[in-house]
């Protein structure tokens, strides 16, 4: 919050000095070489101060099954042993007994 206040003060000061030097450039043209960069820097600071900050939106997705749920035990196709429950997104499970890796494939229910 203090940084925004400091940016506002700096922007106002640069814009004021730039305007003052531009007005003074009517008497001596070289002063426009100081006034124009001061105005540009003041406008850049004002733009950065007033630019809206990006917001992080949190989207929560939930899934509710439409019918009854039946718990099905996973079995190793090679030795018939029970396999541990997979983590979400896990594609492969290693059998503790025979050491083989089993790929999990979700088949659609039609």
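The values are calculated or read from the model by the stated rules, or taken from the named source; none is laboratory data. Remember, it's a predicted structure, so these values are computed and weren't measured experimentally. Glycine also receives a Cβ, built like all others from the backbone with ideal geometry; neighbour counts cover every protein chain displayed.
Worth pointing out:
- Residue count for the range 82-98, restricted to those that are assigned to a loop (DSSP other than H, G, I, E, B) and touching a strand residue (DSSP E or B) at 6+ places or on another chain (Cβ under 7 Å): 5
- Tally, over the range 35-63, of residues that are farther than 15 Å from residue 9 by Cα and either surrounded by fewer than 16 Cβ atoms within 10 Å (Cβ to Cβ) or modelled with pLDDT under 90 (or both): 16
- Note on the range 7-34: among residues that are modelled with pLDDT of 90 or more and within 34 Å of the chain's Cα centre (by Cα), the one that is surrounded by the fewest Cβ atoms within 10 Å (Cβ to Cβ) is 9.
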